[in-house]
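Bear in mind these aren't lab numbers, they're just calculated from the coordinates by the rules spelled out. All values reported here derive from a predicted model rather than from experimental measurement. Neighbour counts run over all protein chains shown; Cβ positions are idealised from the backbone, glycine included.
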Amino acid sequence: MTERKRVFSGVQPTGNVHIGNYIGAFRNWVSMQEDFDCIYNVVDLHAMTTPYDPAAFRSERINMARSVLASGVDAERSLLYFQSDVPHHAELAWILSTITGIGQLERMTQYKEKSDRAGQNLGLLSYPVLMAADILLYKVHAVPVGDDQTQHLELTRDVAERFNHRFTEVFPIPERITPEIGARVMSLQDPFSKMSKSDPNEKSRILLDDAPEAILKKVKSAVTDSDRYVRYDWEEKAGISNLLELFSIFSGRSIESLVEEYHEAGYGAFKIAAAEAIAEGLAPVRERMGSIEDGDVMKIMAAGAEVAREKAEQEMISIRAAVGLG
Ligand code: AMP
Ligand code: TRP
């Protein structure tokens, strides 16, 4: 039997898990379980690079793990754990930091944005090095993420190439896997910025456990344009195009068939139908969110970490040897 290719991805445990996370990342994580050897992380060490409340952190971490499980990641088939439970991530990040230029890190757009907002710290600057370590630790081939992670993935590939060149050919160069539609779900209140966990306006995002009435309210108040025809056109009609993508993803219908049906229906009717499709598509996730207990999550994460520590230790042997350690 040929070995299955490996996949790694991660999500930060900060509240407000939204349908952008689900569409850009989790949905792909779930579908890749069929054909790949999948490793998924709640990347709590990454979340510590911007101000956070330690008292709330524990429940944030558990809630994020619950959201990943509720989205359909199956701990029997995929390895799921908290990043901080496996010290090898931090060890490899240190090694990789010695071959990463500070200039390249300072040019990362997420660093610039976050340091403007939250202040600078060394962890925030080296965030992409830790992310490269997450991915390279397991010598993975593919990384399912949303569009906003493109620059981080490029840095990971650069670091892998540099390592292979400087030391020994240890790392495969990982590919980014991004969905064809939904790689960047936009805010419902501003279709020119991405839907985000940190947007102060709650109406900008649909949460994974929003009730159908809440979804309807948010979709009804979504910012569109002053025209009245439904068309898929990101230049002229970003708000409508965003809703069309969501409608298509959650209903399984093509964008063309939706445009054909709703072209002249008026925005009001279109929004109601879109909200219903989103609510229906999310119903199984919402139900599972309500039924997975904290204790179950903790057990799954502890078991995952145990397996991962062994796997990671095995993987580190060739990496340490390459750099003259061990
Ligand atoms: P984060 O919330 O930054 O931890 O992101 C977790 C995953 O969700 C990453 O793979 C992101 O690329 C993805 N993601 C976050 N926001 C969006 C969005 N608005 N559209 C599509 N994917 C997203
Ligand atoms: N930076 C990613 C985000 O904000 C999270 C992340 C950390 C990640 N390590 C990773 C994603 C490794 C993919 C692979 O979404």
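Quick notes
- Reachable lysines from Lys139, criterion Cα separation under 25 angstrom, eight or more residues apart if same chain: Lys5, Lys311
- The charge dipole of the range 152-207, taken about the Cα centre with unit charges on the Cβ atoms of Lys, Arg (+1) and Asp, Glu (-1), comes to about 160 debye, rounded to the nearest 20.
- 10 Å beta-carbon shell around Ile173, net charge (K/R +1, D/E -1): -2
- Partner lysines whose Cα lies under 26 Å from the Cα of Lys194, excluding those fewer than 8 positions away in the same chain, are identified as Lys112, Lys114, Lys203, Lys217, Lys218, Lys220, Lys237, Lys271.
- What separates the Cα centres of the range 57-121 and the range 6-40 is a distance of 13 Å.
- Each peptide in 32-42, 299-309, 144-154, 226-236 was scored by the mean count of other Cβ atoms within 10 Å over its residues; highest first, the order is 32-42, 144-154, 299-309, 226-236.
- Theoretical ellipticity at 222 nm over the chain - DSSP helices of four or more residues, -39500 (n - 2.57) apiece, nearest 500: -16000 deg cm²/dmol
- For the range 104-209: rounded, prolate or oblate by the Cα gyration tensor [a/c cutoff 1.5]: oblate
- Dipole-positive endmost among Phe26, Ser78, Leu136 within the chain (Cβ charges, Cα centre): Leu136
- Counted residue by residue at 0.36 nm each, then reduced by the alpha carbon distance between them, the extension gain from Arg231 to Arg107 reaches 40.9 nm.
- Rounded to the nearest 20, the Cβ-based charge dipole of the range 1-51 about its Cα centre (Lys and Arg +1, Asp and Glu -1) stands at 80 debye.
- Rounded Å value of the spacing that divides the Cα centres of the range 151-208 and the range 235-253: 21
- Think of each Lys and Arg Cβ as +1 and each Asp and Glu Cβ as -1; about the Cα centre, that makes the dipole of the chain roughly 540 debye.
- Placing unit charges on the Cβ atoms of the charged side chains and taking the dipole of the chain about its Cα centre, the candidate lying farthest along the positive direction among Ala238, Pro212, Pro87 is Pro87.
- Normalised contact order of the range 1-127, rounded percent, pairs of Cα under 8 Å and 6 or more residues apart: 29
- Taking all Cα pairs closer than 8 Å and separated by 6 or more residues, the relative contact order of the chain comes to 22 percent.
- Cα gyration tensor category, rounded, prolate or oblate, for the range 1-100 with a/c compared to 1.5: oblate
- Leading residue at positive end of dipole, the range 100-197 (Cβ point charges), from Ser187, Leu124, Met108: Leu124
- Other-chain or far-sequence residues with amide H under 5 Å of Glu175's (modelled H): Ala142, Val143
- FRET efficiency estimate (nearest 0.05) - Cβ-Cβ, Leu325 to Ile255, R0 56 angstrom: 0.60
- The antiparallel fraction among DSSP beta bridges confined to the chain stands at about 20%.
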